Structure formats: structure tokens, C-alpha cells
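**Q** Quick one: structure below, then a few questions.
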Amino acid sequence: MNIGEAAAVSGVSAKMIRHYEEIGLIHAQRSDNGYRTYGQHDLSVLRFIRNARELGFPLAEVGTLLELWRNRGRASAEVKRLAMAHVAALEEKARALTLMAASLKHLAAHCHGDARPDCPILDDLAKKD
């Protein structure tokens, strides 16, 4: 199948498929006329990448996960270690986002939100360290 069909079936845009090929995550076959062609295995790889990205894995880790997935002699302990490290990173990011939201709520609560030019939100953004 061509790239458009692979995109429709896998849920990965043609642009991203080209990008994944460029960085070596997927290796498309080429027809005699130079067009990319994809088979069922390629679709499985694209779905794997899509699912990993939906869980927030960075592309470098997606590559590592793909290598582990392809290696039938892998130890699941390595996969679990990667997953748990990613969980820790997501939880840290969630804590940071929560703190940012709390700071903005605090600033917004002290902003009159009227026609006056005084604005604690802008003042805070402009403060010197």
C-alpha cells in the first residue's frame, strides 16, 4: 500500500511516516518508480509508534522500545524499567504543571480584571530574578 493508505490505516499522518522513516524508526520498501510501499508489518510498527507517542514517550525512547519489541530474546525487566522511568517523568511534569496552574490562579485572583492598567500577572512576568 502507498503512504496515504498506510496513514489512513495506521492513524499516523503521511508527514509523520516520512519523518519516522527519516530518523530510522521505520524502513519503507520502494517500488520501481521510487514510491514508498508498506506492508502489514510496517502498519504494526506504525501503530506501535503511535501508541507509544500517545503515552508520551519521547522519540528516542520509542526507538529503544521498538528495538526491545523486535528482540524476542529481550528481558521484560528492561521494558518495565523504561516504562517506570517514563511514569516518574510524567508524574514530575504533572507536579510542575500543578504548581504553574496554582501560581497563575493566585496571580489571577489578585488581578482586578477591569479597565485599570495595574496587573499583577504582567508584573510577575516582568519581575527580575
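The values are calculated or read from the model by the stated rules, or taken from the named source; none is laboratory data. None of these values were measured; they are calculated from a predicted model. All Cβ positions, even for glycine, are placed from backbone atoms using ideal geometry, and neighbour counts span all protein chains on display.
**Q** Among residues belonging to the stretch 45-62 that are among the small types (Gly, Ala, Ser) and touching a helix residue (DSSP H, G or I) at 6+ places or on another chain (Cβ under 9 Å), point out the one that is farthest from Ile3 (Cα to Cα).
**A** Of all residues in the stretch 45-62, those among the small types (Gly, Ala, Ser) come to 52, 56, 60.
Going one step further and asking which of them are touching a helix residue (DSSP H, G or I) at 6+ places or on another chain (Cβ under 9 Å), we end up with 52, 56.
Working: Ala52: 20, Gly56: 24 Å.
Ranking the qualifying residues of the stretch 45-62, first place goes to Gly56.
Quick grid of which residues meet (1) closer than 20 Å to Gly56 by Cα; (2) in a helix (DSSP H, G or I):
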residue	(1), (2)
Arg95	yes, yes
Ser103	no, yes
His106	no, yes
Cys111	no, no
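**Q** If you take the residues in the stretch 1-31 that are of a type in the set (A, V, I, L, M) and part of a loop (DSSP other than H, G, I, E, B), which one is nearest to Arg47 (Cα to Cα)?
**A** Val12
**Q** Here's another thing I want to ask about it. Looking only at the stretch 25-60, filter to residues that are among the basic types (Lys, Arg) and at pLDDT 95 or above; which one of those is nearest to Ala85 (Cα to Cα)?
**A** Arg53
**Q** Does Leu66 satisfy being touching a Leu at 6+ places or on another chain (Cβ under 7 Å) and in contact (Cβ under 8 Å) with a residue 40 or more places away in the chain? Walk me through it before giving the result.
**A** Values: touching a Leu at 6+ places or on another chain (Cβ under 7 Å): yes; in contact (Cβ under 8 Å) with a residue 40 or more places away in the chain: yes.
Here the answer is yes, as Leu66 does meet what is asked.
**Q** Moving to a separate point now. Quick one: would you say Ala89 is free of Cβ contacts under 8 Å to residues at least 12 places away in the same chain, surrounded by 13 or more Cβ atoms within 10 Å (Cβ to Cβ) and either in contact with a Ser or Thr (Cβ under 8 Å, 6 or more places away or on another chain) or not aromatic (Phe, Trp, Tyr) (or both)?
**A** Considered against the rule, which asks whether it is free of Cβ contacts under 8 Å to residues at least 12 places away in the same chain, surrounded by 13 or more Cβ atoms within 10 Å (Cβ to Cβ) and either in contact with a Ser or Thr (Cβ under 8 Å, 6 or more places away or on another chain) or not aromatic (Phe, Trp, Tyr) (or both), Ala89 comes out as yes.
**Q** In addition: Mind counting the residues in the stretch 14-24 that are of a type outside the set (Val, Ile, Thr), under 28 Å from Ala85 (Cβ atoms) and over 14 Å from the mean Cα position of the chain (by Cα)?
**A** Qualifying residue count for the region: 3.
**Q** Could you count how many residues in the stretch 32-49 are more than 17 Å from the chain's Cα centre (by Cα), in a helix (DSSP H, G or I) and touching a residue at least 12 places away in the same chain (Cβ under 8 Å)?
**A** 2
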